[in-house]
Amino acid sequence: ILRTLISWLIKDMLKKTLGDIMVYSHHYNSVSSEWSFVLSITDYQYQTAAQVIDQRTAVALARIPNVDLRFFLPPPPLPHTEDDISIEDGLRQLLASLPQSEVDQCVQYFTSLALRESSQSLASQRGGLWCFGGNGLPYAQSLTSTPSQKVETFCLQALVQHSKVHSHCDHIVANGGLQLLQRVYQLRRDSPKIQRNIVRIIGNLALNESLHTAIVQSGWVSVLAEMIQSPYIMQASHAARALANLDREAVRQKYQDGVYILHPQCRTNQPIKADVLFVHGLLGAAFKTWRQKDLDMTDDDKVEGVPEDYTECWPKSWLAADCPNLRILSVEYDTHLSDWKAKCPAENQRKSLAYRSQELLRKLKDAGVGERPVVWVAHSMGGLLVKKMLLDASKDPDLSPLIKNTKGILFYSVPHHGTFMAGYSVNVRYLLFPSIEVKELCRDSPALRDLNENFLNITKEQEFKVLSFAETLPTSIGPMLKILVVPSQSADLCIGDLIQVDVDHLNICKPEKKDSFLYKRTLQFIQDALRGQRI
């Protein structure tokens, strides 16, 4: 793409306006998947080039590793005023303009929540509790950016839900949503969470090809090109998803909300031989579940910050380097120990394994999972979800390729036979109301027993390779209680190898370092399951 771009620029445009362009080096390293590209041109010449690059080329360039950001036009300039209240009002007006009938209950919930709140009402609620200097000025009388950003977060959460509804995406764009989100993004550069929510919305809008021109023209390509180069895994992965959905020239799959590409996040000439899917467990997430083990520092060996080689996501940092021919995906879904903590009350009765299985199967099919060999890696309840998905896929002719191409499943402390922790939550229900997920984890529940028996049948029939890790150390549950969350007998699927590891439930999926037993055995299993694929 770079050869084509520069050739065209030289022949048709730049030879008249920019003078001579010297190309010093242009090579592609198939091991590190990075372009090295140097031009002896000025900032002005880059700006001229940015003005003549078409939409497809701009998106393609944004997905080249470490591309020079001067190739992109900057976002449109913001208005001179930077009044936070105008941002809040703009978001609320955008939400009020969107359809409210015949939509998901959670879309209605988030919309009503955002429209109901304001910085004044939040401050009023906190007045008397929040003040400066003990008995000083009440919070309600001196608004800081905190309540306004809180309302912006409410509004953005509502817009995330609306952007999942195909028919609402046109309304968001038609009512100036792209420009408004650009304004919020630029003014909230100090809030990574707000920026991620905004890019999440852009990624959802990008699922609609009819909106691509509007997205590009409103300056989002340069924003995404910068964010995908972020050293922070969450920022880069949100941007990678949005750009992949925009890049219809090179990417056939579509990445729905909650499906993230960990590798390759950019364009590459490496052939993809297989997929590895990471599925987190209860209270987990697409990124934090798979971070390197947290460091336990004593007073004598504390260091400032974390080591340079510490990784926020070992599948992206370690596995991608060892197996560059893999596509590595991580999925995310909301899980809650208590109904009190559910983000949307209307979802409490829809968070069964059956519901989540159908939802994720649809998303994974859109992402092309099942078209090539697959290995699943799951932690805790995520393993039950993987089992349910494979069972459901075995009954659906349209999903038969997923069953046929599944080569292996790796379970990190998966409670195949339930967990005492689920029963503990029920016993103290006056402190913790059990949600659907926890009820399904009760030890020896009929649902778990049926799931396990049926899964074992298809495992033997399809000859899936299976590896299970089991924790042996108790996990701290609050300041007073330690519990072995998933005992070895529950983590034992009774097929494949079972390996006990001296770690607790939270760290069973977090290797301490790249040469630790946990990672090396995980890598070996993936390579063995995909033997013959030249990963």
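The values are calculated or read from the model by the stated rules, or taken from the named source; none is laboratory data. In this text, all values refer to a predicted model and were calculated from it rather than measured experimentally. Note that each Cβ is placed from the backbone with ideal geometry, even for glycine, and that neighbours are counted across all protein chains shown.
Pairs are defined by a Cβ separation below 6 Å, a sequence spacing of at least 6 or placement on different chains, a first member in the range 182-194 that is within 13 Å of Lys150 (Cα to Cα), and a second member that is surrounded by fewer than 20 Cβ atoms within 10 Å (Cβ to Cβ); the pairs so defined are Arg188/Ile194.
Out of the range 153-181, which residues are assigned to a loop (DSSP other than H, G, I, E, B) and without any contact (Cβ under 8 Å) to a residue 24 or more places away in the chain? Selection gives nothing.
Just one of the listed residues (Ala236, Ala274) is over 19 Å from the mean Cα position of the chain (by Cα) and among the hydrophobic types (A, V, I, L, M, F, W, C), namely Ala274. Any idea which residue in the range 174-198 is surrounded by the most Cβ atoms within 10 Å (Cβ to Cβ), counting only those that are out of contact with any Leu (no Cβ under 7 Å at 6 or more places or on another chain) and under 22 Å from Val259 (Cβ atoms)? Checking each candidate, the answer is Leu181.
Report whether or not Leu207 is in contact with a Lys or Arg (Cβ under 8 Å, 6 or more places away or on another chain) and either part of a loop (DSSP other than H, G, I, E, B) or within 17 Å of Lys363 (Cα to Cα) (or both). The answer is yes for Leu207.
Here is a yes/no grid of residues against (1) in contact with a strand residue (DSSP E or B) (Cβ under 7 Å, 6 or more places away or on another chain); (2) of a type outside the set (A, V, I, L, M, F, W, C); (3) modelled with pLDDT under 95:
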| site | (1), (2), (3) |
| --- | --- |
| Arg183 | no, yes, yes |
| Asn197 | no, yes, no |
| Glu209 | no, yes, no |
| His212 | no, yes, no |
| Ile215 | no, no, no |
| Ser222 | no, yes, no |
| Ala225 | no, no, no |
| Tyr232 | no, yes, yes |
| Glu249 | no, yes, yes |
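Looking only at the range 130-173, residues that are at pLDDT 50 or above and either charged (D, E, K, R) or surrounded by fewer than 16 Cβ atoms within 10 Å (Cβ to Cβ) (or both) come to 7 in all.
Kindly indicate whether Leu399 is among the aliphatic types (A, V, I, L, M), at pLDDT 95 or above and either in contact with a His (Cβ under 9 Å, 6 or more places away or on another chain) or in a helix (DSSP H, G or I) (or both). When the stated conditions are applied, Leu399 passes them. When Leu456 is tested against (1) more than 22 Å from Gln292 (Cα to Cα); (2) loosely packed, with under 14 Cβ neighbours inside 10 Å; (3) at pLDDT 95 or above, just one condition goes unmet, and that condition is (2).
For the range 323-357, how many residues are at pLDDT 95 or above and loosely packed, with under 15 Cβ neighbours inside 10 Å? Residues in the range 323-357 being at pLDDT 95 or above and loosely packed, with under 15 Cβ neighbours inside 10 Å: 0 in total. Among what's in the range 247-295 and is in a loop (DSSP other than H, G, I, E, B) and polar (S, T, N, Q), pick the residue that is farthest from Gly370 (Cα to Cα). Looking at residues that are in a loop (DSSP other than H, G, I, E, B) and polar (S, T, N, Q), I get Gln292. Checking the range 37-56 against the condition returns a match, with at least one residue being modelled with pLDDT under 70, surrounded by 12 or more Cβ atoms within 10 Å (Cβ to Cβ), farther than 28 Å from Gln161 by Cβ and touching an Asp or Glu at 6+ places or on another chain (Cβ under 9 Å). Residue-level check: of (1) out of contact with any Asp or Glu (no Cβ under 7 Å at 6 or more places or on another chain); (2) in contact (Cβ under 8 Å) with a residue 24 or more places away in the chain; (3) surrounded by fewer than 22 Cβ atoms within 10 Å (Cβ to Cβ), Leu360 misses just (3).
Of the residues making up the range 467-487, those that are surrounded by fewer than 19 Cβ atoms within 10 Å (Cβ to Cβ) and either hydrophobic (A, V, I, L, M, F, W, C) or at pLDDT 95 or above (or both) are Thr472, Leu473, Ile477, Met480, Leu481, Ile483.
Of the residues in the range 250-263, at least one is under 28 Å from Ala158 (Cβ atoms) and in contact with a His (Cβ under 8 Å, 6 or more places away or on another chain).
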